[in-house]
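Computed from the coordinates by the stated procedures, all read-outs in this text should not be read as laboratory data. No experiment lies behind these values; they were computed from the predicted model shown. Reconstructed Cβ throughout: ideal geometry from the backbone, glycine too, with neighbour counts over all protein chains shown.
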Amino acid sequence: MKTFKELVSERCSVRSFASKTIETSKLDYILECGRLAPSAVNFQPWKLYVISPESAIETRTNVQKCYDREWFSSAPYYIIGTIIHDQSWHRKNDGKDHGDIDIAILTEHICLAAAEQGIGTCWVCNFDAKLCHELFNLPENEEAAVLIPMGYPSAEFAPAEKKRKPIDEIVISL
C-alpha cells in the first residue's frame, strides 16, 4: 500500500483519457471519499453532479461547452461540484463564506481517491460557471465551483514534471 506522501507525489492532472468505463465499485468509492470530506462546522454545503458515458448526449455536450478544450472532451466522466452558499458556514467576525474552502477539500478528496484507484482527474476552475449554471438549471443558491473530468489515463498520457517551491520558501517558524 502506498503512503500518503507517495500518493500525493504521484497524483497529477490528467488531460488525456482512455474511453474505458470506470468500474461502479471504484466510482462509488471515489464519491464516498468525497462525501467524507470535512467542512466548516460540518455543514457540507455542496452537491456533486455526476455525468457518465451513459448520460444523455446533450448533458455531455453541455458540460463540454462550459470548458471548450479538446482534451476535456476526451473524459468519459465529469463531476460538477457546486457550493450551496446559504448552507455554508460564514465566519462571524467578518462574514467570510467558507464554501470555497469546503468544496476545495471535497475536490481534493475526490482527486486523491481517484488516483489511489488508478483513475485520472484534473481540477478545472477556469470554466464558464454562469453558462454551467444555466445549462444545468442549477438552483439559484448553488454556484458551479469546479469541474472534475475523470477517467483512466490514455496510453499516450505522460505526467508533466511537478514543480514545487522548496519547503523553506513556504514554511515559516514563528
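Figures for the structure shown
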{"item": "Point-to-point label distance, Thr59-Ser13, nm (Cα→Cβ direction, 7 Å offset)", "result": "2.7 nm"}
{"item": "Cys125-Glu6 pseudo-label distance in nm [points 7 Å out on the Cα-to-Cβ vector]", "result": "3.0 nm"}
{"item": "Estimated dipole of the chain in Debye, rounded to 20 [Cβ of Lys and Arg +1, of Asp and Glu -1, Cα centre]", "result": "400 debye"}
{"item": "DSSP beta bridges in the chain [antiparallel fraction, %, rounded to 5]", "result": "95 percent"}
{"item": "Cys residues of the chain counted as unpaired, since no other Cys beta-carbon is under 4.7 Å", "result": "Cys12, Cys33, Cys111, Cys122, Cys125"}
{"item": "Over the chain: helical MRE at 222 nm, DSSP H runs n ≥ 4 each giving -39500 (n - 2.57), nearest 500", "result": "-10000 deg cm²/dmol"}
{"item": "Alpha-carbon Rg with Dmax, taken over the stretch 78-118, Å", "result": "13.0, 43"}
{"item": "Packing-based ranking, highest mean first, of 140-147, 162-169 given that Cβ atoms within 10 Å are counted", "result": "140-147, 162-169"}
